[in-house]
Amino acid sequence: MDDSVAGVVADTETGMSRDTAKRELARGFGWRMGATLTGSFVQFLVGIALARLVAPEAYGLYTLVNVFVMLGDTVGGFGMEQAVVQAASIERDDVRVAFTTSTVASALVAMALWLGADVTLPLMHEPALPPLLRWGTLAVLAQGAGATARGLLLRDLRFRELAIAETGGALLGNAAVSLTLAGLGYGASALVAGLIAANMLRSAVAYGFARHSVRPSLDRRRARSLLVFGAGIAAAGLLNWIAIRGSSAVGGIVLGISDLGLYNRGIAIAFAPFSQVFQSASYALYPTACRMRASAGGLEWLHLRILEASALAAVPISAFAVVLADSIVLGLLGPVWAGAAIVVQVLGLVLFARAAYNLQAALLRAEGAVGWLTAAQGAYGIVTTGLTWWLGSRYGLAGAAAALSVAIVVMLVLITWRAMRITRVAPSAVWRALRPGSLLGGTSLAVCVAVRALGRATQWPCLATLFVGGAAFAASVAAYLMLLPESATGRMAKNALRLARRQGLAFAAKMRVRCFAKRGEVHHS
C-alpha cells in the first residue's frame, strides 16, 4: 500500500467512542468551518463587488453556465469522492480505479456539454451562452480529476489540507480572476473564468497533499463496490441538481435572463455564506458519522446535536433576513438589484429547514441509506421544477422563490423522518433540542423589528440600518449564547470561546518572547 494511501482504512468494526467523536468532530468542524467562513466571506465580498461591476444580465448568463457545469461535476465524478470515504478498506489499486472512473466520466460529460452547447440557443435565446458553456467544460474536467484526491484527504480526516485547497480556490480563483476581468469589462466571461480557475486550483492543491497513482485501471472486481455506491451518490446528486440547478434552468426560460440574474443574487444573499457553512459542516460530519455507527447511542447523540446547532444558528439569521431584506439588498448591491429583495425575504423563512436537512443527510449517507436520499431528492426536484414553472410564470420572482421554499420544506420532512428512524430519536427529544434556537430566534426577531422601525422613523440610509441591525443582532445572539441554559451545544459554544481566548493569549505570549529575544540579540551585538 502506498504511503499516500496508508492510514486511510477506517475502523468500522470497533466504531468510534463518543469522546473520540467529539474530538474528531471538533477538529474537522474547526478546519472546515475556518475554510468555509474564509472562503464564503471572500466570495460574499467578491459577489458584492461584482454586483457593482456587472449587470443582472451577466449574472443570468453565468447562472445558466453554472447549471451545466454543476451537472458535469455531479455526474462526471460518478460519486468517487464519497465512495473512497465510505469504503471499509482501500488499497492502491482501488485508488487507481476511482481516479480512472472519475476522470473518464468527467471527460465524457465535458465532451457532451461541448458538443451540445448549441442546443441551449433555441431554449434560452441567448447567443452568448454556447461559447461560455464550452469554456465552462474546463471546470468540469478539473473537478473530476481532483475527486479522488479530495476523497483520500476526507477519509484521512485531513481537514486542514482540504481547508487550504478550498480557501486557495476561493481567493485566487473567484476573487483574483473574476474581479480583475470584471474590472476590465468582460462581464459574464469574467465570472466563468473565475469558476474555471477556482476548480483547477482546488484540484491541484488537493492532489499535492494526497498524491496517488494516476495510472489507469478498470479492474472489475475492485470497481464493483466503488461503482455501486458511487452510482447511488451520482444519482442522488443528479436529482439534487434537477432540484437546485434545474429550477434555475426553468427560471431562465420563465423569468428571462435579467430576472434570473436577480433571482440568483437573491439566493446568494439569502443562503450564502450561511448555506455553505452548513454544507461544509455536513461534509465534515460524514466521516465522523461513519465511524460512530458501531458506537452505542452515538448516532442518536449526534442527531440531537445536529438539530440543536441548526436551530441555534439558522432561526436567528432567518429573522434577520426576513425583517431587513430591503436594507440588505439595497445597501450591499445597489438600487439596480432591488428586485432581489423579495427573493431574500421569502427564502429567509426556510433557512432552518435548509440547514437541518443538509446536516441530517450526512447521517443517511453514513448509514448507506442512499436510496432514500435519492428518492427524497427526486421529490425535491419534481416539486421545485414544477412549482417554479407554474408559480414563476404567474408571480415572477416571488413565485419562483416560493416554489424553492416549498421544496426545501418537503426535503426537510422526508430527511428528518428517515433520520429519526435510523437514530431512534424520540419527538420529545427533538423538541428539546430545538427549544434554545426557537427562543433565540424570537429574541432576534424582536431586535430586528425594533431596528427597522427606528430606521424608517429616522429615515436612515439602507447601509446605516443594516449596520445598526447587524450590530444589535450580533450583540443579542452573543448575550443569549453566553446565558444559554446548560445544553451540549451551549457548552460547546462556550468552550469554543474559551479555547479561542486561550489560543489568542498563548500566541500573544509567544510573540512577546520572540520580540524580547530579538531585542536581546540586537543589544548584544
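Derivation of every value follows stated rules applied to the coordinates shown; laboratory data play no part. Here the structure is a predicted model, which means the values were calculated and not measured. Ideal geometry is used to build each Cβ from the backbone, glycine not excepted, and the neighbour counts take in all protein chains shown.
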Check: Taking the mean number of other Cβ atoms within 10 Å as a proxy for protection, how do you rank 94-102, 145-153, 305-313, 450-458 from highest to lowest?
Finding: 145-153, 94-102, 305-313, 450-458
Checklist line | Residues T388, T103 arranged by fewest to most Cβ contacts within 10 Å | finding: T103, T388
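In what sequence, highest mean first, do 340-352, 109-121 appear when ranked by Cβ atoms within 10 angstrom?
Working: 340-352: 23.7, 109-121: 16.5.
Result, highest mean Cβ count within 10 Å first: 340-352, 109-121.
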Notebook entry, point to check: Residue farthest toward the positive end of the dipole of the stretch 333-470, with Cβ of Lys/Arg at +1 and Asp/Glu at -1: which of P335, A355, A402?
Noted result: A355
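Please give the FRET efficiency for A464 paired with L45, using the beta carbon to beta carbon distance and R0 = 25 Å, rounded to the nearest 0.05. Write down the numbers at each step before the final one.
On the way: r = 19 Å, r/R0 = 0.78.
Calculated value: 0.80.
May I ask you to order 184-196, 459-471, 61-73 by the average number of other C-beta atoms within 10 Å around their residues, highest value first? Could you put the intermediate results ahead of the total?
Details: 184-196: 21.2, 459-471: 16.2, 61-73: 24.3.
The peptides rank, most packed first, as 61-73, 184-196, 459-471.
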Check: Using unit Cβ charges (K, R positive; D, E negative) and no other charged atoms, how large, in debye to the nearest 20, is the dipole of the stretch 18-483 about its Cα centre?
Finding: 1120 debye
Checklist line | Charge dipole (debye, nearest 20) of the stretch 244-402; +1 at Cβ of Lys and Arg, -1 at Cβ of Asp and Glu | finding: 240 debye
Next item on the list: When a/c is below 1.5 the answer is rounded, else prolate if a/b is larger than b/c, else oblate, so apply that to the stretch 18-483 with a ≥ b ≥ c taken from the square roots of the Cα gyration tensor eigenvalues.
Entry: oblate
